[in-house]
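Presented below is the structure to which this report refers.
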Amino acid sequence: MLDFCVATLSPKPYPPKPQMPNQLQTSASPYLRQHANDPVDWHEWTPETLQQAIAENKPIFLSIGYSSCHWCHVMQHESFQNQAVADTLNQSFISIKVDREERPDLDETYMTAVQLQSGRGGWPMSVFLTPDCKPIVAGTYFPLNDRPPNPGFLSMTLQIAALWKERPTELLEVANEFALQVQTATERESPTTFSELTIELIEAGIKDFEAEFDTKNGGFGGAPKFPPHCGLDLFLTAFQGGAVDSTLRPAGLHMALKTLERIAMGGIHDVMGGGFHRYSTDAEWILPHFEKMLSDNVLLLGLYGRAAHAVRITQPERAKSFQVVADGIVDWLNREMRDSNGLLCSALDADIGGHEGTTYVWSMQEISDALGDRDEQFWWAYQFTETGNFLEESTGLPTGKNVLCQRNADETVPREWLNELLAARNKTPQPKRDDKCITGWNGLAIAGLAQAGFPKEGVELAEKWLEIVKAEGKVPRFVMKGTAFGNGFLDDYAYLAYGFVELHRCVGGNWKLHATELLDQMFDQFYDQENGGFFGSSNSHERLFGRSKPYFDQPVPSANSIAIRVAQYVSPTDPRIRKTLESSLGWMERAPQATASLLGCLHEFCLNTGAMEGELAIRTVQVVLDNSEIVAGIDGWAEGKIQIEIPQNMHINGPNPPLKWLVPLKIEFNGLKGTVEYPDSDEFGIVGKAEIQFAVQMTVKADIEECEISVSFQACTDSECLLEETRRLALLVRVPHGRK
């Protein structure tokens with residue numbers, strides 16, 4: 001690699017160019033359009049741009065970021081709007097801007113280069129390339145001017161421009177070697193291992209998390225802290241499934257509940273407006289980085305819904321507080337994140353008017369102005385101080401402003417007070433929204449809505465995406481103002497199919513069929529037939545330095561893990577499930593915290609294959625409505641059926657089990673009056689397939705009414721009983737034709 005010293009060159013006095021919009025002004029990406037008025041002559045990543053670099057024999061400066069990124073804005077203001085920088089880039093380079101959310105393949109490839117060269121990653125990503133796209137120097141944020149011993153961005157551009165002119169052969173040699181390292185890292189298969197696909201591997205992973213658990217604040221490790229979505233999902237999965245060692249299940253549940261409780265109390269939680277900021281710069285979840293990402297919030301939505309369900313009997317007050325958090329996320333999604341077509345947009349910016357997070361922080365006086373004599377109770381509940389509990393990130397000094405940090409789990413104020421403050425907040429300048437509706441993230445939203453008990457909203461969103469996929473004849477990468485762009489990557493297919501799967505668990509219907517269709521396309525376009533596992537890009541995507549397989553969790557679960565989850569639900573006997581898990585086994589053994597989602601898939605795999613040697617015994621009870629939409633009679637009563645399919649060698653307890661400690665089958669109606677005809681059962685419970693008749697009565701003279709049906713049961717084998725499960729089914733009841 002090249003070692004750069006502090007430059008002694010000074011910029012040439014290039015004549016300034018007039019401030020004209022560059023080529024990004026018509027881009028579909030809001031992030032790229034943010035740079036349309038930079039003096040830098042930005043281009044998009046297109047075949048024409050890449051050909052131009054080769055034709056003019058100019059190196060490429062590649063900048064990758066996203067619209068809500070605070071440090072991306074900082075580098076724009078410092079460097080990309082600086083005329084001296086623009087003159088150097090415009091004369092000596094082809095400058096390309098890429099939205100990482102639009103092109104995750106480019107982001108992953110060149111982030112690999114950044115991590116190889118610097119040992120860290122992040123955005124904005126700044127990479128200098130040869131005309132044929134091989135990396136020369138790779139980094140993240142560079143300040144404008146030198147900070148010895150490190151060069152600033154202006155010095156960097158001048159040095160590379162001079163070296164390309166005077167010593168191009170040396171740069172090409174460096175780039176060729178660097179590109180080979182990137183390709184090797186990209187195409188690296190899972191390390192060799194002698195481990196097997198067993199529950200012990202999951203238990204070792206949970207213990208690995210446990211060793212780094214922050215017992216005071218929740219989460220893992222120190223600052224900065226990101227919500228550990230995938231680890232919490234693993235803990236809830238292990239607790240629910242019951243296969244993990246009995247001492248680890250409650251330990252995992254404790255880590256999940258503690259973490260969810262603490263982040264809900266911290267400044268990272270927008271308790272006023274709903275939803276969560278991306279991460280906390282401190283270890284206590286107090287000081288947030290203020291961007292709000294759709295992906296983070298819909299994953300947390302599912303986690304809070306599942307956690308509320310897990311403790312609804314043993315800790316009802318805690319369950320209630322978790323459900324309040326989930327409700328707040330959904331309120332925020334509906335209020336701020338839906339585009340005009342009802343799809344969900346990708347993010348809210350961290351900055352407002354060039355300053356980070358100003359709409360979310362308050363002085364004590366501002367609270368007094370809004371709440372009057374209720375201010376002291378509010379200050380106490382949310383730990384306000386005169387100097388401010390919100391500290392400036394770079395200096396650690398108080399700012400005079402406060403974020404809302406709940407003093408303890410029981411300390412709160414009436415929701416009406418928060419609504420008053422939210423109304424006042426909405427009158428101030430608001431963060432900009434990135435209106436890209438990313439397919440995969442919307443798929444995760446469908447899943448989160450279903451898991452948290454909002455199947456109606458999930459169905460509405462899923463139907464919109466189903467229409468888009470059918471109209472386009474493919475899964476797009478994103479939709480912007482009603483227009484679809486790009487070809488979907490593995491995560492788009494997998495996450496959307498996962499949303500359909502979770503919806504089918506709730507409402508039945510054809511969602512399993514739609515998930516199966518997407519799974520077939522994943523196997524056709526992304527699957528490695530020889531070695532197992534799914535590539536992140538399809539057979540038709542652009543190739544750079546090889547194709548990688550996304551096994552590691554990022555802020556979102558790995559696409560391979562979600563693809564396996566879909567397959568386990570719609571085609572559980574498919575041998576490619578085992579082959580994919582085996583292809584990632586070495587990573588699960590060596591990096592359990594980075595592969596928590598795969599460990600969750602392994603848990604399901606172990607349950608499914610644990611009954612009889614050489615045979616596959618599916619251990620997931622299927623509960624669906626025969627029809628999610630029924631019509632009432634003249635008397636207002638409507639009849640329906642619940643279908644329950646119980647795996648071989650298992651049974652569920654009937655409504656009156658013979659032993660007190662067994663959990664009975666119980667069906668409840670939320671929203672309408674209902675009756676149930678439970679199936680016959682003996683001391684061995686209900687086996688095979690059961691069809692349960694029910695009836696519900698409409699309560700008002702409306703065209704349609706909604707009802708949520710909760711089906712609670714306990715599945716058992718001859719040797720063990722699993723934990724109680726509850727499936728929520730969404731039912732629509734329509735009036736009969738001619739009802740008065």
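The values are calculated or read from the model by the stated rules, or taken from the named source; none is laboratory data. Because the structure is a prediction, the values reported are computed rather than measured. When we count neighbours, we look across all protein chains shown, and the Cβ atoms used for this are built from the backbone with ideal geometry, even at glycine. Heads up: the accessible areas ignore ligands, DNA and RNA and are worked out on the full protein's heavy atoms, side chains in. Shrake-Rupley method; radii C 1.70, N 1.55, O 1.52, S 1.80 Å.
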Straight-line reach from Lys258: which lysines have a Cα under 24 Å away, not including same-chain ones fewer than 8 places off? Lys207, Lys216, Lys225, Lys292, Lys320
Could you list log10 I(q)/I(0) for the range 254-404 at q = 0.09, 0.10, 0.12, 0.21 Å⁻¹, which the Debye formula gives when each Cα is one point scatterer? -0.31, -0.38, -0.55, -1.35
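How much of the accessible area of the range 17-90, in percent, comes from carbon and sulfur atoms when a 1.4 Å probe is used? Working shown, then result.
Details: 1490 of 2850 Å².
The value for the range 17-90 is 52 percent carbon and sulfur by accessible area.
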In whole percent, what relative contact order does the range 289-445 give with Cα contacts below 8 Å and a gap of six or more residues? 28 percent
Can you give the extra length, in nm with one decimal, that the chain gains between Glu530 and Lys689 once fully stretched, where that is 0.36 nm per residue apart less the Cα-Cα distance? 53.5 nm
Give me the aspartates and glutamates in straight-line cross-link reach of Lys549: C-alpha distance below 12 Å, same-chain residues under 8 apart excluded. Asp105, Glu108, Glu187, Glu189, Asp491, Asp528
Could you order Lys666, Lys701 so the one with the most accessible surface comes first? Probe is 1.4 Å. Lys701, Lys666
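Loop only per DSSP, at most 16 neighbouring Cβ atoms within 10 Å: give me the trypsin sites (Lys or Arg not before Pro) in the range 200-296, ordered by residue number. List each step's numbers first, then the result.
On the way: sites: Lys207, Lys216, Lys225, Lys258, Arg262, Arg278, Lys292; in loops: Lys216, Arg278.
Here the sparse-neighbourhood loop sites are Lys216.
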Among rounded, prolate and oblate, which fits the range 427-546 when a ≥ b ≥ c are the square roots of the eigenvalues of its C-alpha gyration tensor, a/c under 1.5 means rounded, and a/b larger than b/c means prolate? oblate
Taking Cα atoms only, helix 199-211 is inclined relative to the longest principal axis of the chain by an angle, in degrees rounded to 10, of 60 degrees
Hits among lysines - C-alpha to C-alpha of Lys689 under 16 Å, sequence gap 8 or more where chains match: Lys641
Under 11 Å, Cβ to Cβ, from Val98 - net charge with Lys/Arg +1 and Asp/Glu -1: -3
Per residue accessible area of the chain, 1.4 Å probe, in Å²: 42 Å²
May I ask which residue of Thr358, Ala308, Leu397 lies farthest towards the positive end of the charge dipole of the range 269-417, with charges of +1 (Lys, Arg) and -1 (Asp, Glu) on Cβ and the Cα centre as origin? Ala308
Two-decimal ratio, the range 269-352, of alpha-carbon radius of gyration to 2.2 N^0.38 Å: 1.16
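Could you sort 303-315, 226-238 so that the peptide with the highest average Cβ count within 10 Å comes first and the rest follow in order?
Working: 303-315: 20.2, 226-238: 25.4.
Answer by packing, highest mean first, reads 226-238, 303-315.
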What do you get for the angle between helix 83-92 and the principal long axis of the chain? Use alpha-carbon atoms, 0 to 90 degrees, nearest ten. 80 degrees
